[in-house]
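The values are calculated or read from the model by the stated rules, or taken from the named source; none is laboratory data. Since the structure is predicted, the reported quantities are computational estimates derived from the model, not experimental observations. Here the Cβ is made from the backbone with ideal geometry for all residues, glycine too, and neighbour counts use every protein chain on show. Ligands, DNA and RNA are excluded from the accessible area calculation, which covers all protein heavy atoms including side chains. Shrake-Rupley method; radii C 1.70, N 1.55, O 1.52, S 1.80 Å.
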Amino acid sequence: MPETMITDVRIPLPWEDASAHVDLVKEKAARQFAAIWKRHKDREEKELFWGEEIEYYLLDLEGGTAQVALEAHEVLRRLGPESGEGGSATQAGWRTEYGDMMVEGVTMPPFSWSLEEVLQSEPALAWRRREVERIAAEVKPGLRVVTLSAFPLLGTPSCTSPIMEPAPDGFVSQSILCPDGATSPHPRYQVFTANYRKRKGCKVGAFIPREGIKADQQLTSESIAQLPFELAQRGQRERDPVPGHIYMDSQAFGACQCCTQATFLARNLEDARHLTDQFLVLSPLLLALTAATPFLRGLVADTDTRWQTFQQTWDDRTQAELTTICNSRCSPCDLFIGAGLNADDATKCALNDVEVPVHTPALQLLEEAGVDAVLARHVAHLLARDPMMVFKDRLDVDDEQEADHWEQLQGTNWCSVRFKPPPCASNSADRSLGWRVEFRSPEVQITDFENAAIVSVIRLLAEVIIDEKWDLTNPSHVAMQTTRRVLRGRQQRAAIFGSVKRHPQQVRLSSAASKTSLPGLTAYLLVVVPGWINAVHQVVAQQRLRHGSTATCRFLSAVPVESFLRLHPFFGDVCKRILAM
């Protein structure tokens, strides 16, 4: 969701007024990106950092029934923008989230690039949970702090504490299932939600297959995209209007789900673009490996990730746009943006083989400003979406110094990977931030250990991708097919990973490491990372063979384990000792 500091009280214009400024905002967003690019295109970082973001649920278990506790606004008020001291393991930043039962904690200050900092991720998450628990107990004794990808009962009667009723004739979501009180009380989120509904022309709708769905009840993605409009035309208010599917009719169903995100500062623009491309290939695989959402609205789904719900409940396309824009704002990235593609038209066309809409005036403006064609197309594609939060007092900001419009449009395209330019010139607090890449697909897990393991694995993969210049890229349509198979559930995911074979050296390493008394996270990384690298290696190789790709895969020899051994002297020494047993 958009990063909203707790003290920010500005309210966006309602859609009736905001729609008149759409073209102006897009033009200024393009100019703002161009100014940032010009200022930082040759920037080189001397020291690298990284961090993660975890979202926490507040639950009320009094009375023997689990309810989401709508107390996040008060917990955040008491936490403040940051708390703790002494470094990343005993300190954190706090952010407002969409749901009033959610608290987002972020690494603050960020971790350095050393191995010791990787191993600090678990104690950092443990401290952060205790801090939220401490404040939650002050707000209301008995509140529980948990990490779940989705609250299984959201949308069932009396699912909130205090109990609130849906408002199907209200101003905000007009849901018949989920109360608007589940959304943060900050007026920004209320107007933001209403603007989505108004722009679309009807309220949103998600239709997730139920466990045991019959073959003749299956729907195509095109049919699902049409359903909200058909239901609106019929004026229906049934809880289950589509046989075989779990119906959810509020943005809260998607935005009140939780994930594990990790952001990495790249050494320069070229590395950031390269890492973005490789993460684009990895994101559906990590979503599959961390799938943790089998229950929705009190029912058992035939899928087990959150992404379909998020994708469908944040689809603002009008009925006319369904034929020209192929997906919602919450879809995987559509374009590869590696700098090397500018010098190889054949590879560029082969990889970016899916036609995507772009905002033509923005594309022309960016290219005239000197932004290369590949990156300009990526930005113009983001700007094909309309701005959903327009602030009247910020319409005429200086585009050389501010980046309000760019950040709002970038921040409301929720892709699986986000390429993040440095902040604007006027943001003196964040001038140390350069070109970054955010990995956004993994589902949050129940324990701090699991979440630390996920972000640590991504962190280590980021290092070998950059240092060894891994090239995992496949044509865009292949990445999209992989994502669709992941979203379809367990059977399709098995088809992706079922043929993966473990390298003999990896088997020996895993078996020996599991018998050692190494600290938990260290042992986990030794056992699991080689397997994950090997799995990625094989899946990408199989995809390339299947689709006849001629791209060079630089790690098709027996290097997965060796890459890991070279990551750090510490891991290398430990692995060699284990392999010698």
(message) Name the residue that is farthest from Thr412 (Cα to Cα), counting only residues in the range 1-16 that are open to solvent by 80 Å² or more (accessible area, probe 1.4 Å) and either modelled with pLDDT of 95 or more or in contact with a helix residue (DSSP H, G or I) (Cβ under 6 Å, 6 or more places away or on another chain) (or both).
(response) Glu16
(request) Select the strands (runs of 3 or more DSSP E) contained entirely in the range 182-296, then report the ones holding at least 3 residues which are open to solvent by 10 Å² or more (accessible area, probe 1.4 Å). (result) 260-265
(request) Looking for whichever is of a type in the set (Gly, Ala, Ser) and closer than 22 Å to Arg440 by Cα here; the options are Ala362, Ala376, Ala369, Ala380. Which one fits? (result) Ala380
(request) Quickly run through the range 345-371 and pick out the residues that are in a loop (DSSP other than H, G, I, E, B) and open to solvent by 40 Å² or more (accessible area, probe 1.4 Å). (result) Asp353, Glu355, Val358, Ala369, Gly370
(request) Check Ser456, Ser416, Ser441 and return the single one that is surrounded by 18 or more Cβ atoms within 10 Å (Cβ to Cβ) and closer than 20 Å to Trp113 by Cβ. (result) Ser456
(request) Of all residues in the range 311-325, count the ones that are open to solvent by 20 Å² or more (accessible area, probe 1.4 Å) and part of a helix (DSSP H, G or I). (result) 6
(message) For the range 61-95, which positions are under 23 Å from Cys159 (Cα atoms) and crowded, with 21+ Cβ neighbours inside 10 Å?
(response) Gln67, Val68, Ala69, Leu70, Ala72, Val75, Leu76
(request) Check off (1) in a strand (DSSP E or B); (2) open to solvent by less than 10 Å² (accessible area, probe 1.4 Å) for Val300 and give me the number that stays unchecked. (result) (2)
(message) Kindly evaluate Leu341 against the criterion of being buried (at least 23 other Cβ atoms within 10 Å of the Cβ), over 15 Å from the mean Cα position of the chain (by Cα) and closer than 25 Å to Thr473 by Cβ.
(response) yes
(request) With the condition kept exactly as written, say whether any residue in the range 73-91 is touching a Gly at 6+ places or on another chain (Cβ under 7 Å), closer than 18 Å to Arg128 by Cβ and among the aliphatic types (A, V, I, L, M). (result) no
(request) With respect to Pro179, determine if the residue is in contact with a Leu (Cβ under 8 Å, 6 or more places away or on another chain), closer than 30 Å to Thr318 by Cα and buried (at least 16 other Cβ atoms within 10 Å of the Cβ). (result) no
(request) Search the range 385-437 for residues being assigned to a helix (DSSP H, G or I) and aliphatic (A, V, I, L, M), and hand back the single one that is modelled with the highest pLDDT. (result) Leu409
(request) Consider Ala124 carefully, then state whether it is crowded, with 19+ Cβ neighbours inside 10 Å and either touching a Leu at 6+ places or on another chain (Cβ under 8 Å) or within 27 Å of Arg306 (Cβ to Cβ) (or both). (result) yes
